[in-house]
1. For the chain, find the longest principal axis of its Cα atoms and tell me its angle to the long axis of helix 43-117, 0 to 90°, nearest 10.
2. Taking N as the number of residues in the stretch 3-117, what is its Cα Rg relative to 2.2 N^0.38 Å?
3. With each run of n ≥ 4 DSSP H residues scored as -39500 (n - 2.57), what mean residue ellipticity at 222 nm is computed for the chain after dividing by its residue count and rounding to the nearest 500 deg cm²/dmol?
4. Along the charge dipole of the chain, Cβ charges K/R +1 and D/E -1, which of V46, N22, H62 sits furthest on the positive end?
5. Mind checking the dipole of the chain: about its Cα centre, +1 per Lys or Arg Cβ, -1 per Asp or Glu Cβ, Debye to the nearest 20?
6. Between helix 3-21 and the chain, what is the angle of the helix's C-alpha long axis to the longest principal axis, kept within 0 to 90° and rounded to the nearest 10?
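Every number here is computed from the coordinates shown, using simple stated rules; none is lab data. All values reported here derive from a predicted model rather than from experimental measurement. So basically every Cβ, Gly included, is an ideal-geometry build from the backbone, and we count neighbours across all protein chains shown.
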Amino acid sequence: MKLRTALYLVLALLALVFVLANWELLTSPTAIDLLITTVHIPAAIVGLIIVGAVLAIDWTTHAVHRRAWERERRALAQELERMRQQAENSEASRLRSLEERFEREMAHIRVQLDRLAGP
């Protein structure tokens, strides 16, 4: 289990214990001043809104980081493929050069053999 998941589970358990211990207080209406007006809602609703906002921010940042990681991974994979292709091209070039040199040497040897075997 990841540390992050374990931390979330522990925090959720602590929040559940807190809610159960303070159930009456959390369900009683509380006056909340919104600068324009005042509303009377249970404190539990305010808590849920705050927790939801924190979770939404966390999930959003996690998604942004994951997308950045995937983009970087794709870029690195493309770079690796480009390097592999470059290495293959270099190796093919070296092999062609070696083959050409081998053919030249073999032709030179054939000429010498023909000269020695000749009249």
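1. 0 degrees
2. Compared with the compact-globule rule of thumb, the stretch 3-117 sits at 2.72.
3. One gets -30500 deg cm²/dmol as the mean residue ellipticity at 222 nm.
4. Farthest along the dipole direction, towards plus: H62.
5. Details: 15 positive and 14 negative charges, 77 e Å.
Taking the Cα centre of the chain as origin, the dipole is about 360 debye.
6. So the inclination is approximately 10 degrees.
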